[in-house]
Ligand SMILES: Cc1ncc(COP(=O)(O)O)c(C=O)c1O
């Protein structure tokens, strides 16, 4: 694949660790975890990989400010703020809703990392991001707009490259039958689907939705994967029917923590000393555990869970976790 230029601030390759105590507890497939929660910058997570490519593009375009947006506890915004600080860029993050009474978790970190926070209040996030872009441009700050989740062809390329990383790390992909991970804006999912189609065609790439209905997620991932494959010079497309996804574990909705997430966070913490978060990885890991308990993933499977980070949000949910 013809990867675009990238900066180098992520700790790569991230380790692949077995989860022997959890595998034995569940009596199902052999489980491994890809520690993309340890990608560095200010707390790790999947966005660091994407930002290596996105900020290389920003720098090539002579930007001096980056603008992005997300939910109040957006890990993407926090890592964008960190990467911008590292690069000496100004950073504005547009967060959905009203300013909270108490600043905590990722929002606190956005502030510590020097990002300006703009709250959307009643307006749409896209409209506010565009307005901020125009304002920064008029002020002569040479802004660069990063879409929600960093999920465009440049950002998704990072996850196609991450499959190459797993292939290099394990020799032959370690015979992984499945990749499982949290999917939302689709960049991680699209990149992994493209990388696997090119390099590990026997591995099934199962995205567990944390918010989107399954048909919308499949359509979005197929579109982005097809565009990313073309961007990387790969000779294939990805159809919605090829995109493996489930929305059975969205539960109460985006960022709503229920019993499944709460139990999963404790299970993984106490059996393996690994922390997952209430919004993304706890939901996805809980979904994967349920698929194992229901026999959809079996003893003969070898499953790699991509830990995409998010632990900073744990502190914003402290009241609901204890
Ligand atoms: C911790 C974590 N996991 C997974 C995701 C989903 O990744 P994507 O937006 O590429 O679907 C995000 C996105 O914000 C995230 O912060």
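Can you find a residue that is assigned by TED's automatic domain parsing to the domain that holds residue 309, surrounded by fewer than 18 Cβ atoms within 10 Å (Cβ to Cβ), assigned to a loop (DSSP other than H, G, I, E, B) and more than 16 Å from the ligand (Cβ to nearest atom) anywhere in the range 239-246?
yes
Any chance you could count how many residues in the range 12-57 are farther than 24 Å from residue 142 by Cα, within 16 Å of the ligand (Cβ to nearest atom) and part of a loop (DSSP other than H, G, I, E, B)?
Number satisfying all stated conditions: 9.
Residue by residue, here is whether (1) more than 11 Å from the ligand (Cβ to nearest atom); (2) in contact (Cβ under 8 Å) with a residue 60 or more places away in the chain; (3) on the phi > 0 side of the Ramachandran plot holds:
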| residue | (1), (2), (3) |
| --- | --- |
| 253 | yes, no, yes |
| 256 | yes, no, no |
| 270 | yes, no, no |
| 293 | yes, yes, no |
| 300 | yes, yes, no |
| 305 | yes, yes, no |
| 319 | yes, no, no |
| 322 | yes, no, no |
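Rundown of residues vs (1) at pLDDT 95 or above; (2) in the same structural domain as residue 305 (by TED's automatic domain parsing), yes/no style:
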{"residue": "134", "(1), (2)": "yes, no"}
{"residue": "138", "(1), (2)": "yes, no"}
{"residue": "142", "(1), (2)": "yes, no"}
{"residue": "145", "(1), (2)": "yes, no"}
{"residue": "155", "(1), (2)": "yes, yes"}
{"residue": "158", "(1), (2)": "yes, yes"}
{"residue": "161", "(1), (2)": "yes, yes"}
{"residue": "170", "(1), (2)": "no, yes"}
{"residue": "173", "(1), (2)": "no, yes"}
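Quick check on this structure: which one of 310, 286 is buried (at least 18 other Cβ atoms within 10 Å of the Cβ) and free of Cβ contacts under 8 Å to residues at least 40 places away in the same chain?
Result of the check over 310, 286: 286.
Consider residue 91 against the criteria (1) more than 16 Å from the ligand (Cβ to nearest atom); (2) in contact with a helix residue (DSSP H, G or I) (Cβ under 6 Å, 6 or more places away or on another chain); (3) in a loop (DSSP other than H, G, I, E, B); (4) over 30 Å from residue 167 (Cβ atoms): it satisfies all of them except one. Which criterion is unmet?
(3)
Working only within the range 147-184, note down all residues that are more than 11 Å from the ligand (Cβ to nearest atom), on the phi > 0 side of the Ramachandran plot and touching a helix residue (DSSP H, G or I) at 6+ places or on another chain (Cβ under 9 Å).
173, 174
List pairs: first residue in the range 13-36 and at positive phi and in the same structural domain as residue 285 (by TED's automatic domain parsing), second residue surrounded by 14 or more Cβ atoms within 10 Å (Cβ to Cβ) and at pLDDT 95 or above anywhere in the structure, Cβ distance under 9 angstrom, at least six positions apart or on different chains.
So the pair list comes out as 27/292.
Looking at (1) within 18 Å of residue 254 (Cβ to Cβ); (2) more than 16 Å from the ligand (Cβ to nearest atom), which is the one condition that is false for residue 309?
Evaluating residue 309 over (1) within 18 Å of residue 254 (Cβ to Cβ); (2) more than 16 Å from the ligand (Cβ to nearest atom) leaves (2) as the failure.
The values are calculated or read from the model by the stated rules, or taken from the named source; none is laboratory data. Every value quoted in this text rests on a predicted model; they were computed, and no experiment measured them. Using ideal geometry, Cβ is built from the backbone for each residue, glycine included, and neighbour counts are taken over all protein chains shown.
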